[in-house]
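Report on the structure given below.
The values are calculated or read from the model by the stated rules, or taken from the named source; none is laboratory data. The model shown is predicted, which means the values in this text are computed figures rather than measured ones. Backbone-built Cβ (ideal geometry, glycine too); neighbour counts: all protein chains shown. Just the protein is used for accessible areas: all its heavy atoms, side chains included, with ligands, DNA and RNA removed. Shrake-Rupley method; radii C 1.70, N 1.55, O 1.52, S 1.80 Å.
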Amino acid sequence: MKKLYLLTAMLLSLAFFVKAQTTLKGTVYENGSNTRLDNVFIRDKNNKQYAITDKNGVFEIKTEAGHLLIFDSPGYISDTLYVVDLTPKKVNLVVKTIALREVNINSTRQMFDPHKEYPEIYEKSKVYVMSPSTWFSKEGKDARRLKKYFVTEEQERRIDAAFTRAYVGSIVPLKGQELENFMMLYRPSYAFVTNNNGASMAVYINDSYKKYLALPANKRTLQKLDDK
């Protein structure tokens with residue numbers, strides 16, 4: 001009997017060790033600040049595992065040395081992490097500028113189709129009345145958060161495609177940083193983009209430009225809040 005207990009303990013210890021050796025934990029921050037980023041989507045390009053940061057910017061994902069992790073969040077430049085070891089990581093995401101967003105929207109991010117690559121997320125996000133575990137399990141909650149993330153990301157790409165730097169720059173006489181500031185201040189909503197045509201967008205941009213000119217010089221840029 002003692003041998004059986006000993007064997008069981010050894011197997012449990014081995015299982016814990018294996019899990020510990022294949023799980024990477026870390027925290028995602030906004031680059032240059034102490035702001036922790038929630039709802040950052042992380043995916044392992046090699047084994048197709050995925051995770052999403054919690055409200056404290058913390059993530060946990062099954063991976064191993066030699067794998068490539070991709071970090072995505074609306075409003076930030078996608079970043080990658082080559083896993084050398086499984087010690088806790090600190091990842092910094094850079095705020096995306098207008099110009100970089102346009103480059104990104106025409107490259108690999110646009111080809112990412114979550115419905116095709118991660119159909120299990122949509123399956124796990126379902127809630128069944130007769131299955132309480134689907135309501136409260138961490139796996140189910142994470143899947144529903146990821147599903148919301150995908151919806152938000154798709155909406156952001158739709159806005160990016162309609163409100164491009166080239167198009168806005170052809171209507172208003174702004175260039176460089178001034179143009180970027182204007183576009184960030186008057187970025188249209190997803191509802192506006194989907195419910196209006198090109199002519200309405202041009203009117204919106206012209207009206208926004210008049211509002212922009214009426215602003216004091218120190219108000220023509222987004223004010224970043226200092227970290228508390």
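Would you pick out the residues in segment 181-204 that are under 14 Å from TYR167 (Cα atoms) and open to solvent by 60 Å² or more (accessible area, probe 1.4 Å)?
Residues satisfying the conditions are ARG187, ASN197, ALA199, VAL203.
Would you confirm, using the coordinates I've provided, whether VAL127 is modelled with pLDDT of 60 or more, within 30 Å of ALA202 (Cβ to Cβ) and either of a type in the set (A, V, I, L, M) or surrounded by fewer than 13 Cβ atoms within 10 Å (Cβ to Cβ) (or both)? Break it down into steps so the answer makes sense when it comes.
Details: modelled with pLDDT of 60 or more: yes; within 30 Å of ALA202 (Cβ to Cβ): no; either of a type in the set (A, V, I, L, M) or surrounded by fewer than 13 Cβ atoms within 10 Å (Cβ to Cβ) (or both): yes.
Spelling it out, it is not the case that VAL127 is modelled with pLDDT of 60 or more, within 30 Å of ALA202 (Cβ to Cβ) and either of a type in the set (A, V, I, L, M) or surrounded by fewer than 13 Cβ atoms within 10 Å (Cβ to Cβ) (or both).
With respect to ALA214, determine if the residue is open to solvent by 70 Å² or more (accessible area, probe 1.4 Å), closer than 30 Å to GLY32 by Cβ and not hydroxyl-bearing (Ser, Thr, Tyr). Quick ask: steps written out before the conclusion?
Numbers: open to solvent by 70 Å² or more (accessible area, probe 1.4 Å): yes; closer than 30 Å to GLY32 by Cβ: no; not hydroxyl-bearing (Ser, Thr, Tyr): yes.
It is false that ALA214 is open to solvent by 70 Å² or more (accessible area, probe 1.4 Å), closer than 30 Å to GLY32 by Cβ and not hydroxyl-bearing (Ser, Thr, Tyr).
Under the condition of being more than 22 Å from LYS141 (Cα to Cα) and not small (Gly, Ala, Ser), which residue from segment 30-54 is surrounded by the fewest Cβ atoms within 10 Å (Cβ to Cβ)? I'd like the intermediate steps shown before the answer.
Going residue by residue through segment 30-54, those that are more than 22 Å from LYS141 (Cα to Cα) are 30-35, 45-46.
From what is left, the residues that are not small (Gly, Ala, Ser) are 30-31, 34-35, 45-46.
Values: GLU30: 19, ASN31: 14, ASN34: 8, THR35: 15, LYS45: 12, ASN46: 13.
Out of the qualifying residues, it is ASN34.
Here is a check on your reading of the model: is VAL91 in contact with an Asp or Glu (Cβ under 9 Å, 6 or more places away or on another chain), modelled with pLDDT of 65 or more and either outside any loop (DSSP other than H, G, I, E, B) or open to solvent by 30 Å² or more (accessible area, probe 1.4 Å) (or both)?
Working: in contact with an Asp or Glu (Cβ under 9 Å, 6 or more places away or on another chain): yes; modelled with pLDDT of 65 or more: yes; either outside any loop (DSSP other than H, G, I, E, B) or open to solvent by 30 Å² or more (accessible area, probe 1.4 Å) (or both): yes.
Criteria met by VAL91.
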